[in-house]
Amino acid sequence: MTNLPPVVNLAAASRQLNEPWQPRVVAALNDVHFKVAYVLGEFPWHHHDDTDEAFLILEGEVLLDFPDGTRTIGPGELCVVPKGLEHRPRSAEGARIALIEPAGVRNTGNLADDAKTTESDVWL
């Protein structure tokens, strides 16, 4: 059968990326994109006015800083950041992650163009 939907291995897809903070879309569900990324170091503080953002850790550890504290999330763990909540992801050792968010979401949210701002919706 040639009309079978594809299967995506998120961890394997994320291992294709070596440049930090360059998310790539690997699947779409209606208006939602599933992205993978390699993260290393600190991302700037930001928020998304109009959407929640989900971080699913595939490999490694990510610290999500919030104004009131920090969440440490590891492989197989998911954290949904509510819209409007200021946050900063970081990883000292590097991590492979999946992001789940609406198509067109700017990775640096409310910030003016930052050195880590990337083009939205680039497919792997």
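The values are calculated or read from the model by the stated rules, or taken from the named source; none is laboratory data. Keep in mind that what you see is a predicted model, and the values were worked out from it rather than measured. Every residue, glycine as well, gets a Cβ built from its backbone with ideal geometry; the counts of neighbours run over all protein chains shown.
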* Just a yes or no: is a residue in the range 63-70 crowded, with 16+ Cβ neighbours inside 10 Å, modelled with pLDDT of 95 or more and within 24 Å of residue 112 (Cα to Cα)? -> yes
* Asked: Which residue pairs have Cβ atoms under 8 Å apart, sit 6 or more places apart or on different chains, and have a first residue in the range 108-124 that is under 17 Å from residue 85 (Cα atoms) and a second that is not in a loop (DSSP other than H, G, I, E, B)?
  -> 108/46; 109/46; 110/46; 111/46
* So which residues in the range 1-55 are of a type in the set (Asp, Glu) and part of a loop (DSSP other than H, G, I, E, B), if there are any at all? -> 19, 31, 49, 50, 52
* Could you identify the single residue in 41, 60 that is exposed (fewer than 15 other Cβ atoms within 10 Å of the Cβ), closer than 23 Å to residue 15 by Cα, at pLDDT 95 or above and in contact with a Pro (Cβ under 9 Å, 6 or more places away or on another chain)? => 41
* of a type outside the set (Val, Ile, Thr) and either buried (at least 19 other Cβ atoms within 10 Å of the Cβ) or out of contact with any Phe, Trp or Tyr (no Cβ under 8 Å at 6 or more places or on another chain) (or both): does that describe residue 95? -> yes
* Filter the range 72-116 down to residues that are closer than 15 Å to residue 42 by Cβ, not β-branched (Val, Ile, Thr) and not in a loop (DSSP other than H, G, I, E, B), then give me how many there are. => 9
* To do: Please give the number of the condition residue 24 fails out of (1) loosely packed, with under 15 Cβ neighbours inside 10 Å; (2) under 11 Å from the mean Cα position of the chain (by Cα).
  => (1)
